[in-house]
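So the structure is just underneath, and the comments pick up after that.
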């Protein structure tokens, strides 16, 4: 199966073990996607979990489910009409520079968050749309890496330059890093493990130690080993020690004429549905500390549903489907017998009203689980509303059949 790829005996062994563990899932993915046809897409998971094939298999199975839920194979074709924040490509660009050299098949990525308008972003971004944009961006990088792997028949990865020039210390910066930024990158790192092999943070500010203390708590040990901090005084010199000048853009002392997109003003359009929505219609839910709340809805395949949610404190959200089960009391146990119907994750606290559309895939019961399990003392409050949208545009409020 893998004879045309350059693989070590250890890698072949890992692939065989993964195939033995979840062969039917991999085979099913191959029927509609090319993801599992690349052996390195599978090996990245075993490397990320240090050879623990059982854990790697479990994480990979969930990733394949998320690929299906978010339609990641086709996300490049999606835009604002599909719920993607297209504007984020402008106000928070991530630049793909290209292959590092003829002898180094890795790709170079440059991000300049020091020039992002973080204050406006914190007040304006809608997390669902923004996350779809970041998933689309990661898929672009994955496609570029896979193109090099197909060409060379061996594993590739990305080197990322994070440029902090222009970053100013503000009172809410650490809260943003330890909250929304942590959740954003934590989610992407979890879903794209071992994709980035080296992270070079350049033009670090004088308060970098404060930022590092906020970041290091949520950066996996695997990624902390890959990070190199470079101060403004030695960034160019140090970059030229690890990357050839032919790939380095001129602003970093290289000879590459590649244009790096400068962030534009952060202007985020509000969806028509959210713009016309009266937030007084939102219903309040309180999740006790260390606990969860479950709302169960009954939907019919093909139903068009709109979700609205607003919260300034983080919590987790997931949704599970079962054709017959109407009540769940232990989500962590019950979930094993159900199908994940929403790409569940931790939701960062932001002041904006989040909104997304969903077409129900199957008739049955959908159990939405809101979790606050990490908290010891403080409860979490959020507001939400769910509507079923009829063909004539009429919206009917949907109430849970149990909660």
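A few points about this structure:
- Nearest-0.05 FRET efficiency for residue 392 and residue 185, computed from C-beta distance (R0 35 Å): 0.25
- Relative to the longest principal axis of the Cα atoms of the chain, the long axis of helix 127-152 makes an angle of roughly 40 degrees.
- DSSP bridge pairs, the stretch 272-397: antiparallel proportion in percent, nearest 5: 100 percent
- Computed on the Cα atoms alone, the convex hull of the stretch 9-70 gives a volume of 71 cubic angstrom per residue.
- Spatial separation of Cα centroids for the stretch 192-270 and the stretch 313-336, in angstrom: 39 Å
- Relative contact order of the stretch 118-237, pairs being alpha-carbon contacts under 8 Å that are 6 or more residues apart, as %: 28 percent
- Taking other Cβ atoms within 10 Å as a rough exposure proxy, 55, 15, 184 sort from fewest to most as 55, 184, 15.
- With the convex hull drawn around the C-alpha atoms of the stretch 275-403, the volume per residue stands at 103 Å³.
- With viscosity 0.692 mPa s and temperature 37 °C, the Kirkwood radius over alpha carbon pairs of the stretch 231-346 converts through Stokes-Einstein to a diffusion coefficient of 163 µm²/s.
- The label-point distance for residue 47 and residue 3, in a model that sets each label 7 Å from Cα toward Cβ, rounds to 2.6 nm.
- Mean Cβ neighbour count within 10 Å, used as a protection proxy, ranking 266-272, 248-254 highest first: 248-254, 266-272
- Rounded tilt (10° steps) of 39-48 against the dominant C-alpha axis of the chain: 90 degrees
- Cubic angstrom per residue, convex hull over Cα atoms of the stretch 83-252: 116 Å³
- Computed [θ] at 222 nm, helices only, for the chain once each DSSP H run of length n ≥ 4 contributes -39500 (n - 2.57): -9500 deg cm²/dmol
- Between residue 241 and residue 206, the C-beta separation translates, for a Förster distance of 25 Å, into a calculated FRET efficiency of about 0.60.
- Between helix 9-32 and the chain: long-axis angle, C-alpha atoms, 0 to 90°, nearest 10: 40 degrees
- Take every Cα pair under 8 Å whose residues are at least 6 apart in sequence, average their separation, divide by the length of the chain, and the relative contact order is 16 percent.
- Binning all Cα-Cα separations of the stretch 138-205 at 5 Å, short to long from zero, yields these whole-percent fractions: 3, 14, 16, 22, 18, 12, 8, 4, 2, 1.
- Relative contact order %, the stretch 56-125, counting alpha carbon pairs below 8 Å whose residues are six or more apart: 18 percent
- Put simply, when 308-314, 80-86, 100-106 are sorted by average Cβ atoms within 10 angstrom per residue, most first, you get 308-314, 80-86, 100-106.
- A Förster radius of 35 Å, combined with the Cβ-Cβ distance separating residue 231 from residue 377, puts the computed FRET efficiency at roughly 0.30.
- Translational diffusion coefficient (Stokes-Einstein; Kirkwood radius from C-alpha pairs) of the chain at 25 °C, 0.890 mPa s, in µm²/s: 107 µm²/s
- Euclidean distance between Cα centres, the stretch 103-161 to the stretch 12-63, Å: 22 Å
No lab work stands behind these numbers, since they all come straight from the coordinates. Note that the structure is predicted; figures quoted are calculated from it, not measured. Note: ideal-geometry Cβ built from the backbone for every residue, glycine included; neighbour counts use all protein chains shown.
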